[in-house]
Amino acid sequence: MCFYFPALSCGWAFASPFAFASGFVVPILSLVNQVAPTDSRRLLWPLVTFFFRASSVSVSPLQPSMATVEHCVVCFEALDADLNNRKPLSLEQIQSSWAAYKASSASVTGPSEAPLNPALRRLAADGVLSSSSSSSSTSLSAAGAATPATSTSSLPDTPPTAAPLFVTWNTVDPDDDDVSLRGCIGTFESQPLSEGIHEYALISALQDTRFNPISKRELPTLQAAVTLLTDFEEADDTHDWEIGTHGIRISFLDRGRRYGATYLPDVALEQGWTKDETLFSLIRKAGWMGSRSKWQDLDVKVTRYQGKKVSLNYPEFKKWRDWVQSKQ
């Protein structure tokens, strides 16, 4: 049986059978990750991965996946290119140019005098940097241009190349920096990041049915956030998860209909909810409209997972894009 999760909003619902395989997937993955020594895990993991891929069940990597600022740049680059009818840079090209951009910004000579590094020289030679023009109709937002602080303590030795992911778009209030949700869609099916981030950046910006499609004039007010998901575990009960650490995915059956929904790890903490408030809100998101006094009688199955959200505001993206343009 193939278990496939299509594009999902932050609160999603479905009527098809849930992936019941989690009942035996999680114990085996936990056994490999928690019991076997490190060297043994690295030997066993390819065998476990092969088995579950043969069953079309996604598995988490040995080490946590963490999104990067470059992934957020990909989101802006994808949306900006789509709205301005130009070809976007790839993830690999963005990673190379972002590193050079940050290095030049930190140098005493300033970005305008920084030499073009080999990666950018190749992009320029291929005509990639000149294939687009910066939108002159957009201006820097007053929301601030500070690069978001990110912790590298949990970064894996090798950056992930594939992972389940969610892309979130927020609008930033220029007066107090408060953010409001503008779109959020992702998938639990592991995606190649070189393709998946670009794809879900556009899906969440233009196809989240809770909102109108994002327009070109909104770009300066936007914040892009990427969350890579990992460490999926079947919870022992509905409260076997930690606010601020885990996202949760619920599944339950009521009157012949299957319900399901998810909240990312940051949602409950940002909303100031308790676990019960989070669960009830999630059950409502799934489409269950029963009595509030009866929701705890439901046989709710919870899968917990982890993921660190990394965000970037448009002004910093605009600085990078202008810098890229200057290196043509």
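The values are calculated or read from the model by the stated rules, or taken from the named source; none is laboratory data. Note that the coordinates shown come from a computational prediction; the quantities given were computed from them, not determined experimentally. Note: ideal-geometry Cβ built from the backbone for every residue, glycine included; neighbour counts use all protein chains shown.
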Matching option when the condition is farther than 30 Å from S96 by Cα, acidic (D, E) and not assigned by TED's automatic domain parsing to the domain that holds G183, among D208, D237:
D237
Does I283 satisfy the condition of being assigned to a loop (DSSP other than H, G, I, E, B), surrounded by 19 or more Cβ atoms within 10 Å (Cβ to Cβ) and more than 16 Å from the chain's Cα centre (by Cα)?
no
List, please: which pairs have Cβ atoms under 8 Å, are six or more places apart or on different chains, and start with a residue in segment 194-207 that is modelled with pLDDT of 95 or more and end with one that is assigned to a loop (DSSP other than H, G, I, E, B) and surrounded by 17 or more Cβ atoms within 10 Å (Cβ to Cβ)?
H198/P88; A205/I214; L206/I214
Restricting the search to segment 151-174, which residues are surrounded by fewer than 16 Cβ atoms within 10 Å (Cβ to Cβ), over 19 Å from F317 (Cα atoms) and at pLDDT 90 or above?
T161
With the condition kept exactly as written, say whether any residue in segment 95-109 is closer than 13 Å to R321 by Cβ and either at pLDDT below 50 or touching a His at 6+ places or on another chain (Cβ under 9 Å) (or both).
no
If a residue must be over 22 Å from G183 (Cα atoms), without any contact (Cβ under 8 Å) to a residue 60 or more places away in the chain and in contact with a Lys or Arg (Cβ under 6 Å, 6 or more places away or on another chain), how many such residues does segment 220-259 contain?
1
Evaluation of K308 against (1) at pLDDT 95 or above; (2) out of contact with any helix residue (DSSP H, G or I) (no Cβ under 8 Å at 6 or more places or on another chain) (one fails), failing number:
(1)
So, in segment 188-220, of the ones that are buried (at least 21 other Cβ atoms within 10 Å of the Cβ) and among the β-branched types (V, I, T), which residue ends up farthest from K308 (Cα to Cα)?
I214
Answer residue from segment 267-280, given it is of a type outside the set (A, V, I, L, M, F, W, C) and not in a helix (DSSP H, G or I) and is surrounded by the most Cβ atoms within 10 Å (Cβ to Cβ) among those:
T274
Would you mind stating whether P88 is in the same structural domain as L312 (by TED's automatic domain parsing), surrounded by 13 or more Cβ atoms within 10 Å (Cβ to Cβ) and either at pLDDT below 50 or part of a loop (DSSP other than H, G, I, E, B) (or both)?
yes
Could you pull out every one of the strands (runs of 3 or more DSSP E) wholly within segment 212-256 that has 3 or more residues that are closer than 23 Å to K318 by Cα and at pLDDT 95 or above?
222-228
Identify all residues within segment 157-208 that are in a strand (DSSP E or B), in contact with a Cys (Cβ under 7 Å, 6 or more places away or on another chain) and among the aliphatic types (A, V, I, L, M); write none if there are none.
V167
